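The numbers here are math on the coordinates, done by the rules we state, and not lab data. Please read these numbers as outputs of a predicted model, since none were measured by experiment. Here the Cβ is made from the backbone with ideal geometry for all residues, glycine too, and neighbour counts use every protein chain on show.
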2 protein chains.
Amino acid sequence: MTDTHTCTLCRRGDAVYMRVYSGEKLCAKCFTKSIENKVKSTISRHDMFKHDDKIAVAVSGGKDSVTLLHILAKIESKFPKATLCAVTVDEGIRGYRDEALKLAAENCRKLGVKHVVISFKELFDIKLDDLVRLLTERSKCQTNALSPCAYCGVLRRRALNLATREAKANKLVLAHNLDDEVQTILLNIMHGDALRIARVKPALEEKHPMFAARVKPLSEVPEKEIAFYAYLNKIKFQSVPCPFAPTALRTDIRTMLNRMEERHAGTKFTVFKSIDKIRPALEASIKEVILQECILCGEPTTDEICKPCRMLRELGVC
Amino acid sequence: MTDTHTCTLCRRGDAVYMRVYSGEKLCAKCFTKSIENKVKSTISRHDMFKHDDKIAVAVSGGKDSVTLLHILAKIESKFPKATLCAVTVDEGIRGYRDEALKLAAENCRKLGVKHVVISFKELFDIKLDDLVRLLTERSKCQTNALSPCAYCGVLRRRALNLATREAKANKLVLAHNLDDEVQTILLNIMHGDALRIARVKPALEEKHPMFAARVKPLSEVPEKEIAFYAYLNKIKFQSVPCPFAPTALRTDIRTMLNRMEERHAGTKFTVFKSIDKIRPALEASIKEVILQECILCGEPTTDEICKPCRMLRELGVC
């Protein structure tokens, strides 16, 4: 008879993690291996990498991105023709990003990975802190002002594209985990924009030669398991949340999903797979967009002026 | 200056209902009118009825169906060529359905509406109570037995089709409300069967000449507002819930949605409208099914034997 505290995989080690949705009890070694295998299988199922890819990992310094960098460094060490580097965007958030930047750099040094840092200040001539100050002043006379996260999201996406290009990489790796992806799916539905869920997927092909393809090797790993992997493997990361917290709706969806997962183990996976079934239909219904050059910055865009330029112009920054 | 307790529509009556998602405060008269107008606009937007339709309303005796019968009787009184009748399925649930049946009959009498009652016992030679007993015995030796609701749903749908035909109606009206529809959408996603949301819509065309088209005029009215309409208009209905409660997952989704609605007024409407945007894509991706006659009962079916016959055969009933 197996001891109830013995790992159900190797039947030797002491179980340290109970994976409720699968019924497995895992020892530290098997748990670590299971996460790495999950990442490998996600990568291979979605054909994320070629043996000679130049891979840039978006590393914020937080739990997910730092952990992913460690896992990818391990995997890619077996592919000598592939290169791996980290790109970090410094939005300019005092008392938050500076600490995260240090941790990102420290992890890159430890892993021997090249680290490219790019800042809002050098790209857009404004730090996020100052942008938020501008927004706060504006919101006194305007009621329809967007949240800081809406601006930050658009500018960070642009910054990541530019950093990836600077790093001469053809793949941009994002550390979105299963929880992030499922939250985004429900957020889109609850925001009234269900068609957007077509874009919530593990691998997004490039839409223009100037953009690298974006891949998410952690998209099938629950957040909790990434945290436990980092803990077991003594990975250091920034744990302070961003002072400009995510929107109230995302926070509520997150709470609700965790509650559902607790009562119906596997809910997050089921939602994720459920959307897989309708994605082809949604993708087929979306018209292909033709990209042109932004008349202000030259980046590929659907309109005359790209979104980052439009946002910055509206704020009187550029 | 308007009194804070005055109806925001007529500016005369005392407000008795605060509609959080629209910011309206309504008096009893305006509230009642607003619900009836909402039903009318849903009917007209989805082209639910023709002036000479023969309409059968599925009346369980509960809040939603009885209220809808009252509203439709009012609307249809203006269309002399249309006929309205009620169809009730007696599943055979002692201490529950008998009470509901009385209330359904009472409301029909009051409104002068013909009432057709059809029972599981006469159609399938088994009451739901006995079917549940059979299932309980089975579940002792089988672990993958379906819930009573799964059987009841399939048999009730068949019974409603037969009752509609008996009533010579060409439209079958279901009293699903906004909450029901949004719950079903999320339930499908969380069950891993997102493609099914293509069928969650206010008007479903007939798939076969033997089936009446199914329409849901309450699908844009929140459950809470139907309850309040019934209360204001002194409509009597069965308020005891079915002893074979809905599945745990639906109950949890219901709680979660109510919580989200409380924190983000309008969430239910947004989800409902959000799905509208992807439905055409989903419908286009679904292959048309060819219906044949069930070799046992002759009803239209996709397989050789229809689902109700298959279920009853498995249970040894037919």
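So the values come out like this:
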read-out	value
Reach of A:Lys50 by Cα under 16 Å, taken over aspartates and glutamates that are not fewer than 8 positions away in the same chain	A:Glu76, A:Glu205, A:Glu206
Mean Cα-pair separation over length for chain B, i.e. relative contact order, pairs under 8 Å, 6 or more apart, %	19 percent
The range A:219-318: proportion of alpha-carbon pairs further apart than 23 angstrom, %	61 percent
Chain A: calculated mean residue ellipticity at 222 nm from DSSP helix runs of at least 4, using -39500 (n - 2.57)	-15000 deg cm²/dmol
Nm distances between copies for A:Arg133, ranked from closest, using label points 7 Å along Cα→Cβ	7.9
Local electrostatic count at B:Lys171 - Lys and Arg +1, Asp and Glu -1, tallied over other residues with Cβ under 13 Å	0
Order of B:Glu314, A:Glu205 - criterion: other Cβ atoms within 10 Å of each residue's Cβ, fewest first	A:Glu205, B:Glu314
Stokes-Einstein translational diffusion, the protein assembly as shown - Kirkwood Rh over all Cα pairs, 0.890 mPa s, 25 °C, in µm²/s	86 µm²/s
Ordering of B:53-62, B:10-19 by packing [mean C-beta count within 10 Å, highest first]	B:53-62, B:10-19
Cβ-Cβ FRET estimate between B:Arg199 and A:Ala284, R0 fixed at 22 Å, reported to 0.05	0.70
Rough spin-label spacing in nm, given labels placed 7 Å along Cα→Cβ, for A:Lys121 and B:Glu293	8.2 nm
Protection proxy ranking, peptides A:109-118, A:288-297, average beta carbon neighbours within 10 Å, highest first	A:109-118, A:288-297
Cβ-derived FRET efficiency at R0 51 Å, B:Lys110 paired with B:Arg133, nearest 0.05	0.90
Partner chain coverage, peptide B:280-290 - average Cβ within 10 angstrom	3
Percentage relative contact order, the range B:1-123, counting C-alpha pairs under 8 Å, at least six apart	18 percent
Chain A: angle of helix A:128-139 to the longest principal axis, Cα-based, in degrees nearest 10	60 degrees
Per-selection Rg to Rh, the range B:22-167 - Cα, Kirkwood hydrodynamic radius	1.07
Inter-copy spacing of A:Arg109 label points, which lie 7 Å from Cα along Cα→Cβ, given in nm from shortest upward	8.8
Cα-based radius of gyration of the range A:150-262 once divided by 2.2 N^0.38 Å, which approximates compact folds	1.17
Enclosed volume per residue, in Å³, of the convex hull spanned by Cα atoms of chain B	149 Å³
Label distances, nm, A:Arg165 versus same residue in remaining copies, Cβ-directed 7 Å point	6.6
Rounded to 5, the percent of DSSP beta bridges in the range B:32-285 classed as antiparallel	10 percent
Taking only Cα atoms of the range A:1-87, radius of gyration then Dmax in Å	15.9, 50
Two-decimal Rg to Rh for the range B:82-168 - Kirkwood Rh, Cα set	1.06
With eigenvalues of the C-alpha gyration tensor scaled by 5 and rooted, the range B:249-301, Å	36, 18, 7
Equivalent ellipsoid dimensions for the range A:134-189 as semi-axes, Å, which come from the Cα gyration tensor, largest first	28, 20, 7
Mean-position separation - Cα centroids, the range B:1-68 and the range B:277-292, in angstrom	32 Å
Simple spin-label estimate for A:Arg165 and B:Arg165 in nanometres, 7 Å along Cα-Cβ	6.6 nm
